[in-house]
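Novice: Quick one: the structure is below, and I'll ask about it shortly.
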Ligand SMILES: [Zn+2]
């Protein structure tokens, strides 16, 4: 399979299994979901999205149109590395969960970032 085929297969699986539609293959920093800039714009490597876990990253729409960012690294993934990533995402008002990965099912894992409405509300009130 060519690389283009892998991308097409991922889109087909995501649509068939979860009803997801690809939004953008270029928007990869989850901070953008909460209206915060990627910190790499200031200084390359500064943002937590520089994680090696950010593989096959893309923005998707779930059924109903809500956007989320999905990273799909190959496993196994270190627990501490994952805990650190979750803590940083939570601090940026994002929900994170591990989910099935449409890239290479059984070999890649899905790390899904979504806007956490409650946290965002709290964050806006605090500012
Ligand atoms: Zn970033």
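Novice: Only one residue in 48, 20 is away from the ligand (no atom under 16 Å from the Cβ), modelled with pLDDT of 95 or more, on the phi < 0 side of the Ramachandran plot and crowded, with 18+ Cβ neighbours inside 10 Å. Which one?
Specialist: Working: 48 fails: away from the ligand (no atom under 16 Å from the Cβ).
The match here is 20.
Novice: Return yes when residue 53 is within 27 Å of residue 9 (Cβ to Cβ), at pLDDT 95 or above, within 13 Å of the ligand (Cβ to nearest atom) and assigned to a loop (DSSP other than H, G, I, E, B) and no when it is not. Full working, then the answer.
Specialist: Values: within 27 Å of residue 9 (Cβ to Cβ): yes; at pLDDT 95 or above: yes; within 13 Å of the ligand (Cβ to nearest atom): yes; assigned to a loop (DSSP other than H, G, I, E, B): yes.
Yes; evaluated as a whole, the condition is true for this residue.
Novice: Among the residues of the stretch 36-45, which ones are surrounded by 15 or more Cβ atoms within 10 Å (Cβ to Cβ) and more than 8 Å from the ligand (Cβ to nearest atom)?
Specialist: 36
Novice: Only one residue in 76, 102 is outside any strand (DSSP E or B) and either surrounded by 12 or more Cβ atoms within 10 Å (Cβ to Cβ) or in contact with a helix residue (DSSP H, G or I) (Cβ under 7 Å, 6 or more places away or on another chain) (or both), so which one is that?
Specialist: On the way: 76 fails: either surrounded by 12 or more Cβ atoms within 10 Å (Cβ to Cβ) or in contact with a helix residue (DSSP H, G or I) (Cβ under 7 Å, 6 or more places away or on another chain) (or both).
So the residue among 76, 102 that is outside any strand (DSSP E or B) and either surrounded by 12 or more Cβ atoms within 10 Å (Cβ to Cβ) or in contact with a helix residue (DSSP H, G or I) (Cβ under 7 Å, 6 or more places away or on another chain) (or both) is 102.
Novice: Tell me which of these residue 33 doesn't satisfy, since it passes every other one: (1) surrounded by fewer than 17 Cβ atoms within 10 Å (Cβ to Cβ); (2) within 16 Å of the ligand (Cβ to nearest atom); (3) outside any loop (DSSP other than H, G, I, E, B).
Specialist: Among (1) surrounded by fewer than 17 Cβ atoms within 10 Å (Cβ to Cβ); (2) within 16 Å of the ligand (Cβ to nearest atom); (3) outside any loop (DSSP other than H, G, I, E, B), residue 33 violates only (1).
The values are calculated or read from the model by the stated rules, or taken from the named source; none is laboratory data. The structure displayed is predicted, hence computed values, not measured ones. Neighbour counts are summed over all protein chains in view; Cβ atoms, including those assigned to glycine, are modelled from backbone coordinates with ideal geometry.
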